[in-house]
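First up is the structure itself, then whatever we jot down about it.
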Amino acid sequence: TMAGFRAVVLAVAFASASAFNLPSFAPVRPSLSKAAVSAPRPAFVTRRSGIVMGAVAAVKQVPHGGKLVDLMVSDDGKKADLAKSCDFEHQLTERQLCDVELICNGGLSPLDGFMNEATYKSVVDDMKLPSGEIFGLPIVFDTDDDRFVPGKKVLLKQGDLDIATFTIEDRFKPNKVHECKQCYGETTLEHPGVLMVATERGAFYCGGKLEGLNRPKRDFPCRTPAEVRAELPADKDVVAFQCRNPVHRAHYELFTRALDAPEVGEDAVVLVHPTCGPTQADDIPGTTRYKTYVRLAEETANPRIRWDYLPYSMHMAGPREAIQHMMIRKNFGCTHFIIGRDMAGSKSSITGDDFYGAYDAQDFAKAKGPELGVTPVPSLNLVYTEEEGYVTAEEAKEKNLTEKKLSGTKFRKMLRGGEDIPEWFAFKSVVEVLREDS
């Protein structure tokens with residue numbers, strides 16, 4: 001029975017907790033950050049930037065921590081010397097590759113390496129770096145390899161390509177149950193983030209400094225924060241829109257109307273910045289998502305919309321991940337961030353129940369936005385009506401308009417069956433890509 005199956009899964013979850021030699025915890029909401037810690041800046045939180053500051057200064061938004069990190073080595077001779085100086089090689093997982101890229105290009109400024117134990121604990125418990133900057137989720141390097149010990153330098157690779165060197169400062173065994181309780185508000189394996197931490201990550205975490213050698217090779221271009229900033233308008237608001245799925249009509253209406261939000265200044269632009277890295281198992285692959293974005297950008301050709309792509313690994317951590325996304329987009333030059341209903345939320349893999357409330361992420365972002373220096377823009381609850389097209393749900397109710405609805409399940413069924421998809425729901429160009437890649 002479903003109840004019996006659920007009991008087995010829960011037993012496995014708490015057995016996993018026991019495997020960490022830790023107690024099990026009842027689900028709780030993600031913890032709010034405490035007062036800033038006055039400890040000195042830990043290792044691997046940089047104080048400097050290696051990029052030309054003109055590209056940063058032209059944009060209204062300052063990077064998180066004040067300066068944009070750039071750890072990429074440009075000299076080929078130095079790259080070769082750094083690679084030769086390493087003690088051994090390691091093939092990066094897809095999730096590790098995303099983290100390394102964002103650390104090295106400044107997307108995760110002010111970090112300049114993987115978090116050591118002190119920094120990890122500060123972020124897990126207080127949602128802050130020890131130096132005081134707000135930080136949504138820990139950035140860790142996981143391993144089961146006994147060679148990863150303090151003092152060793154590792155050559156991190158993507159196939160035959162040298163990506164970065166990693167000088168290990170410390171190695172520690174994390175309290176994973178506590179990490180999941182604090183960061184995800186859950187300890188059950190029914191949550192995809194908890195499942196990832198418990199079953200994909202190694203038993204140990206290592207902290208240490210990175211030096212970037214080459215950008216990863218991807219099927220889609222991922223420009224650096226400095227490159228994105230260089231093409232943003234000076235002294236204008238930039239509104240970020242995060243997504244991990246193809247953009248349909250309602251999404252497009254949502255982020256274009258955000259430009260008229262009272263929080264947003266005149267002549268602002270939208271940066272549509274989808275994540276194209278690992279996400280939930282049943283999500284559309286990143287390469288397919290990228291193709292839909294390219295087609296849609298060509299079809300709409302809206303000069304107030306910019307499109308770029310983020311090599312980010314989703315955690316589905318709800319409120320705390322909303323803060324992580326806002327922080328990253330701050331480094332890319334964004335002043336505002338659209339917070340959708342149940343942003344970065346997830347459902348139980350057994351019951352289908354939501355782990356977070358529809359407005360938990362919005363409320364959390366409103367509370368933390370001033371400290372972070374990014375203004376959240378709550379997304380409109382839009383519906384399609386026969387009489388007036390897309391309007392807010394409140395307006396449709398007030399005017400007694402006729403709503404038209406199409407569920408995601410029905411859409412996928414129609415897509416597989418070759419049925420015509422109504423254009424009020426999805427763009428033709430997007431539907432064509434999804435069918436081509438199915």
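The values are calculated or read from the model by the stated rules, or taken from the named source; none is laboratory data. As the structure is a computational prediction, the values presented were derived from the model and not from experiment. Quick reminder, even Gly has a Cβ in these numbers, built from the backbone with ideal geometry, and neighbours come from all protein chains shown. Please note that ligands, DNA and RNA were not included when accessible areas were found on the heavy atoms of the full protein model with its side chains. Shrake-Rupley method; radii C 1.70, N 1.55, O 1.52, S 1.80 Å.
Which one is surrounded by the most Cβ atoms within 10 Å (Cβ to Cβ) among residues in region 300-317 that are of a type in the set (Ser, Thr, Tyr) and within 23 Å of the chain's Cα centre (by Cα)? Spell out how you get there, then give the answer.
Going through region 300-317, the residues of a type in the set (Ser, Thr, Tyr) turn out to be 300, 309, 312-313.
So of that shortlist, the ones also within 23 Å of the chain's Cα centre (by Cα) come out as 309, 312-313.
Details: Tyr309: 21, Tyr312: 27, Ser313: 17.
Selected residue: Tyr312.
From the list Val69, Val123, which residue is open to solvent by less than 30 Å² (accessible area, probe 1.4 Å), modelled with pLDDT of 95 or more, aliphatic (A, V, I, L, M) and not in a loop (DSSP other than H, G, I, E, B)?
Numbers: Val69 fails: not in a loop (DSSP other than H, G, I, E, B).
Just a single option satisfies the conditions, and that option is Val123.
Which one is most open to solvent (accessible area, probe 1.4 Å), of the residues in region 164-206 that are among the acidic types (Asp, Glu) and part of a strand (DSSP E or B)? Give the steps one after another, and end with the answer.
Restricting attention to region 164-206, the residues satisfying the condition of being among the acidic types (Asp, Glu) are 169-170, 179, 186, 190, 200.
Keeping just the survivors that are part of a strand (DSSP E or B) gives 169-170.
Working: Glu169: 77, Asp170: 30 Å².
Residue satisfying both the conditions and the ranking: Glu169.
Going residue by residue through region 251-259, is there one that turns out to be of a type in the set (Gly, Ala, Ser), assigned to a loop (DSSP other than H, G, I, E, B), modelled with pLDDT of 90 or more and crowded, with 19+ Cβ neighbours inside 10 Å?
Filtering region 251-259 down to residues of a type in the set (Gly, Ala, Ser) leaves 258.
From the residues that got through so far, the ones that are assigned to a loop (DSSP other than H, G, I, E, B) too are none.
No, the conditions are met nowhere in region 251-259.
Yes or no: Glu387 touching a Ser or Thr at 6+ places or on another chain (Cβ under 8 Å) and open to solvent by 20 Å² or more (accessible area, probe 1.4 Å)? Break it down into steps so the answer makes sense when it comes.
Details: touching a Ser or Thr at 6+ places or on another chain (Cβ under 8 Å): yes; open to solvent by 20 Å² or more (accessible area, probe 1.4 Å): yes.
Against the criterion (touching a Ser or Thr at 6+ places or on another chain (Cβ under 8 Å) and open to solvent by 20 Å² or more (accessible area, probe 1.4 Å)), Glu387 qualifies.
Quickly run through region 126-163 and pick out the residues that are assigned to a loop (DSSP other than H, G, I, E, B), closer than 21 Å to Leu82 by Cβ and acidic (Asp, Glu).
Taking region 126-163 as the starting set, the residues that turn out to be assigned to a loop (DSSP other than H, G, I, E, B) are 127, 129-133, 135-140, 144-152, 159-160.
Retained after the next criterion (residues that are closer than 21 Å to Leu82 by Cβ): 145, 147-152, 159-160.
Listed by number, the residues that qualify are Asp145, Asp160.
Do you know which residues across region 340-354 are within 18 Å of the chain's Cα centre (by Cα) and in contact (Cβ under 8 Å) with a residue 12 or more places away in the chain? Talk me through it step by step, then tell me what you get.
First, pick out the residues of region 340-354 that are within 18 Å of the chain's Cα centre (by Cα): 340-347.
Once the filter is applied, which keeps residues that are within 18 Å of the chain's Cα centre (by Cα) and in contact (Cβ under 8 Å) with a residue 12 or more places away in the chain, region 340-354 yields Gly340, Arg341, Asp342, Met343, Ala344, Gly345, Ser346.
All but one of (1) part of a loop (DSSP other than H, G, I, E, B); (2) within 26 Å of Ile339 (Cβ to Cβ); (3) touching a residue at least 40 places away in the same chain (Cβ under 8 Å) hold for Arg229; state the number of the condition that does not hold.
If we test Arg229 against (1) part of a loop (DSSP other than H, G, I, E, B); (2) within 26 Å of Ile339 (Cβ to Cβ); (3) touching a residue at least 40 places away in the same chain (Cβ under 8 Å), just (1) comes out false.
Which residues, counting only those in region 389-407, are within 17 Å of Glu253 (Cα to Cα) and in a helix (DSSP H, G or I)? Steps first, please.
To start, the set of residues in region 389-407 that are within 17 Å of Glu253 (Cα to Cα) comprises 389-396, 403-406.
Correct list: Ala393, Glu394, Glu395, Ala396.
Within region 119-170, which residues are charged (D, E, K, R) and farther than 20 Å from Pro216 by Cα?
Step one: of region 119-170, the residues charged (D, E, K, R) are 121, 125-126, 128, 133, 142, 144-147, 152-153, 157, 160, 162, 169-170.
Passing the criteria: Lys121, Asp125, Asp126, Lys128, Glu133, Asp144, Asp145, Asp146, Arg147, Lys152, Glu169, Asp170.
Please specify each residue of region 265-299 satisfying the condition of being over 14 Å from Val430 (Cα atoms), open to solvent by 20 Å² or more (accessible area, probe 1.4 Å) and either modelled with pLDDT of 90 or more or touching a strand residue (DSSP E or B) at 6+ places or on another chain (Cβ under 8 Å) (or both).
Hits for region 265-299 are Gly265, Glu266, Asp267.
Starting from residues that are without any contact (Cβ under 8 Å) to a residue 60 or more places away in the chain and closer than 16 Å to His251 by Cβ, keep the ones in region 408-427 and report whichever is surrounded by the fewest Cβ atoms within 10 Å (Cβ to Cβ). Working first, answer last.
First, pick out the residues of region 408-427 that are without any contact (Cβ under 8 Å) to a residue 60 or more places away in the chain: 408-422.
Now narrow it down to the ones that are closer than 16 Å to His251 by Cβ: 408, 411, 421-422.
Working: Gly408: 9, Phe411: 18, Ile421: 18, Pro422: 13.
By that ranking, first place goes to Gly408.
Test Leu401 against the criterion of being under 31 Å from the mean Cα position of the chain (by Cα), in contact (Cβ under 8 Å) with a residue 12 or more places away in the chain and surrounded by 13 or more Cβ atoms within 10 Å (Cβ to Cβ), and give yes or no.
Working: under 31 Å from the mean Cα position of the chain (by Cα): no; in contact (Cβ under 8 Å) with a residue 12 or more places away in the chain: yes; surrounded by 13 or more Cβ atoms within 10 Å (Cβ to Cβ): yes.
Spelling it out, it is not the case that Leu401 is under 31 Å from the mean Cα position of the chain (by Cα), in contact (Cβ under 8 Å) with a residue 12 or more places away in the chain and surrounded by 13 or more Cβ atoms within 10 Å (Cβ to Cβ).
What are the residue pairs meeting all of these: first residue in region 302-323, first residue in contact (Cβ under 8 Å) with a residue 60 or more places away in the chain, second residue surrounded by 23 or more Cβ atoms within 10 Å (Cβ to Cβ) and among the aromatic types (Phe, Trp, Tyr), Cβ atoms under 6 Å, and 6 or more apart or on different chains?
From residues that are in contact (Cβ under 8 Å) with a residue 60 or more places away in the chain, the pairs are Ala317/Tyr184; Gly318/Tyr356; Pro319/Phe364.
Quickly run through region 318-342 and pick out the residues that are open to solvent by less than 10 Å² (accessible area, probe 1.4 Å), in contact with a strand residue (DSSP E or B) (Cβ under 7 Å, 6 or more places away or on another chain) and on the phi > 0 side of the Ramachandran plot.
Scanning region 318-342 gives a single hit, Gly333.
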